[in-house]
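Trainee: Just passing along the structure, written as structure tokens.
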Amino acid sequence: MERTIDLVVPMVFPQDPEWQRDYERYHGSGQTMNNVRFRSWGTEELLVRCCMKYMPWIRQIHILLARESQVQPWMKDIQSLLKSSLDGKGEDGMKIRIVFHRDFIPAEHLPCFASPCIEMFLHRIPGLSDCFIYANDDMFPLSPLEPSDFFRPEGPGGTPLPCQIIKDRTYPTSPNTFQKKCMWQQNMIGKPFGKHFTKTYPDTGHIFSAILKSSCEEVWRRHGEEISRYLSPLGRTDHSANNWIYLLYQQFAGLYVAYRPTRHYTDQNTPTANLGAIIRDPQAGIVCLNDNEHIGDWQQRAAIVKREIENKLNKETGNEIQKL
């Protein structure tokens, strides 16, 4: 049986003055551009176009935005393109849906500026399919991918199982905030399964996450009180659970199979000169082009990424998905 799979991608556009005012109301004047987590390389449209090219079987792409002022012109252009491409086929074909934070995040956690808080409410997105893929806006599919790369019907009665990988990392004597969070949520999710960890913490890799909406709902049924206790819409803490809790639950419950797609991860340790070759690789798979505070030449990297992905799409894709 063909599975219905959605893609969920949160995006933020820090140049938006209305969003800036919201942010500075809670974080102080002049702080908007100091947070590298909100930095945009201007590649968001390319991400969507890559999904249209290399993942055409996706039913809907849910783009999560804070408010109306965040909607970009290219989003409306792509929506119009997809609507016209249905060509009388009714409701068939991929769709782009703009989902505002207020549509799925409870009012008491708004406005929300922290991705961990956003991720805790993914299962509340209206109309979301039970099988969905969660991605950050720095993750690009750059070669053809199949539904079976993310979900395979290997459960009882052909129930789809998400593809994932979780590696154990040695827990350091002086852990940082990220490592503390990983250890905390691992032990929270593992406790009902009789698991407790002190020496290792999980790493799922910064890649597309295949998630069952039913897994999210079960995690909240089991751990909702503890998750809620530490939820912060303003920033990250030692107890800011993220989407990994759903992957951990799926692992401990045996609701997963081995991750299949080829994947690449680039960061400050990846020479800028190597980015082009990684993108041009015809078997690139999923490529995460990570940005962080250690990357000083991010503008140069952004220019390379935009040029190389644009060239790849224009070379491999028909006119209907070329630059709008």
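Trainee: Under the condition of being of a type in the set (A, V, I, L, M) and either part of a loop (DSSP other than H, G, I, E, B) or exposed (fewer than 15 other Cβ atoms within 10 Å of the Cβ) (or both), which residue from the range 271-293 is farthest from the chain's Cα centre (by Cα)?
Mentor: Only one residue fits best here, namely 273.
Trainee: Only one residue in 113, 140 is within 20 Å of residue 40 (Cβ to Cβ), among the aromatic types (Phe, Trp, Tyr) and touching a Cys at 6+ places or on another chain (Cβ under 9 Å), so which one is that?
Mentor: The match here is 140.
Trainee: So, in the range 247-269, of the ones that are in contact with a helix residue (DSSP H, G or I) (Cβ under 8 Å, 6 or more places away or on another chain) and without any contact (Cβ under 8 Å) to a residue 60 or more places away in the chain, which residue ends up nearest to residue 190 (Cα to Cα)?
Mentor: 264
Trainee: Within the range 125-158, count every residue that is in contact with a Leu (Cβ under 7 Å, 6 or more places away or on another chain) and over 30 Å from residue 105 (Cα atoms).
Mentor: Residues in the range 125-158 being in contact with a Leu (Cβ under 7 Å, 6 or more places away or on another chain) and over 30 Å from residue 105 (Cα atoms): 2 in total.
Trainee: So residue 183 fits all but one of (1) within 19 Å of residue 10 (Cβ to Cβ); (2) surrounded by fewer than 21 Cβ atoms within 10 Å (Cβ to Cβ); what number is the exception?
Mentor: Among (1) within 19 Å of residue 10 (Cβ to Cβ); (2) surrounded by fewer than 21 Cβ atoms within 10 Å (Cβ to Cβ), the lone unmet condition for residue 183 is (1).
Trainee: Output the number of the condition that residue 236 fails; it satisfies all remaining conditions of (1) crowded, with 16+ Cβ neighbours inside 10 Å; (2) among the charged types (D, E, K, R); (3) at pLDDT 95 or above.
Mentor: So residue 236 meets the others, but not (3).
Trainee: If you check every pair at least six apart or on different chains, which have Cβ atoms under 7 Å apart with a residue in the range 277-288 that is closer than 17 Å to residue 137 by Cα and touching a residue at least 60 places away in the same chain (Cβ under 8 Å) first and a residue that is of a type in the set (Asp, Glu) and not in a helix (DSSP H, G or I) second?
Mentor: 288/138
Trainee: I'd like the residue in the range 17-38 that is at pLDDT 90 or above and surrounded by fewer than 16 Cβ atoms within 10 Å (Cβ to Cβ) and, out of all such residues, is nearest to residue 301 (Cα to Cα).
Mentor: 17
The values are calculated or read from the model by the stated rules, or taken from the named source; none is laboratory data. This structure is a prediction, so every number in the text was calculated from the model and none was measured. Positions of Cβ are generated from backbone atoms using ideal geometry, with glycine treated the same way; all protein chains shown enter the neighbour counts.
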